[in-house]
Amino acid sequence: MAANAKLEQLIRIAAPLWAGEAEVVRTYWTSPVRTRDTDLLWLSRQCFKEFWGSGVSKYDRGGVFVGCLKSLVAQAPEIDVTLDRHEVLGVLEGIKAEFSHYCAFAEIYDALRPAGAPRLNPQVLESWSEEDKLTQLRYRHQDEHGALGMRACKFTEGGYCALFREGKALKGKGGIEDQIADACAFIYEDEIGHMLAGIADIGNEALSDAEWKLLGELVVAQLQQRIRMRNQQFGEPLSQDRVAAIYRGEIEPMRFDYARAGLAA
Ligand SMILES: [Fe+2]
């Protein structure tokens, strides 16, 4: 089978799980569990991800901000010796992008917090158990499967922009919903092209049938864990039964944008 056919197969495996992550967020917006406190919680957790999250690049252990910066400082003597300057530039651009995402969510948090409540800062941000499990899973895949594990991490990064896609759909509802929509629209535009290009790029890899099969298994494991991560982030708007049904494929799959990814459908 040609690489593009293999890539299409991988996208077909991923599409129902991408839709599942989107359903978590979409369900939360109108869920009876939603209060100002649960909004403050998911926003602070998203800030955690944007600032301290890691597991999708070889530079980010210790977080996308501090971890990447420390790693760059440590490797500065190697620039243009063993480390290409363009790779460094790419890491710096990534740090700026992630920090701007942190700022966008922190600003909504600060707008929403009750009068007199403290402002948010990176030191007070906390992870949650399903987020920790996702990070551990990604590190394990990288440690056990090297470049293929990293490929899987890149493929699942952002979960087809589920949060940002569903967040920007709140536009026009007024108040905090519009603030969430504006932040999500900004981040969506920042991430979607880069994410699609990353996925399309896998079609250029010379992988054996066994490697494609393993990549599929790693991707499914990570995308399933992403649904649990997102569901807990938002206070479990989906029941465990519904999550299990999504895993079984009982959901309309996400439509992959082949045209924007630069791939023939
Ligand atoms: Fe981000």
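The values are calculated or read from the model by the stated rules, or taken from the named source; none is laboratory data. Quantities reported herein were computed from a predicted structural model and do not represent experimental measurements. Here the Cβ positions follow ideal geometry from the backbone for every residue, glycine too, while neighbour counts run over all protein chains shown. Note: accessible area is taken over every heavy atom of the protein model, side chains too, but ligands, DNA and RNA are not part of it. Shrake-Rupley method; radii C 1.70, N 1.55, O 1.52, S 1.80 Å.
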- line: L134 meets each of (1) farther than 23 Å from R61 by Cβ; (2) modelled with pLDDT of 95 or more with one exception, condition (1)
query: Can you name the residue in the stretch 134-187 that is surrounded by fewer than 15 Cβ atoms within 10 Å (Cβ to Cβ) and charged (D, E, K, R) and is also farthest from F51 (Cα to Cα) among such residues?
result: K173
field: Selected residue (criterion: nearest to the chain's Cα centre (by Cα)) from residues of the stretch 124-152 that are among the hydroxyl-bearing types (S, T, Y) and assigned to a helix (DSSP H, G or I)
entry: T135
field: Tabulated pairs, the stretch 34-63, first charged (D, E, K, R), second within 12 Å of the ligand (Cβ to nearest atom) and not in a loop (DSSP other than H, G, I, E, B), C-beta under 8 angstrom, 6+ apart or interchain
entry: E50/V64; E50/E98; E50/F99; E50/H101; E50/Y102; E50/F105
- request: Could you tell me whether the stretch 228-239 includes any residue that is free of Cβ contacts under 8 Å to residues at least 60 places away in the same chain and open to solvent by 10 Å² or more (accessible area, probe 1.4 Å)?
  value: yes
task: Kindly indicate whether L207 is out of contact with any His (no Cβ under 9 Å at 6 or more places or on another chain) and aliphatic (A, V, I, L, M).
output: yes
field: Exclusive hit being among the aliphatic types (A, V, I, L, M) and over 17 Å from the mean Cα position of the chain (by Cα), set I108, I95
entry: I108
- prompt: Within the stretch 153-190, can you find the residues that are more than 16 Å from the ligand (Cβ to nearest atom), part of a helix (DSSP H, G or I) and modelled with pLDDT of 95 or more?
  reply: E177, D178, Q179, A181
- request: Please work out which one of (1) within 18 Å of R151 (Cβ to Cβ); (2) aliphatic (A, V, I, L, M); (3) open to solvent by less than 20 Å² (accessible area, probe 1.4 Å) is the condition V243 fails and give its number.
  value: (1)
Single unsatisfied condition, Q123 versus (1) open to solvent by less than 80 Å² (accessible area, probe 1.4 Å); (2) among the polar types (S, T, N, Q); (3) free of Cβ contacts under 8 Å to residues at least 24 places away in the same chain: (1)
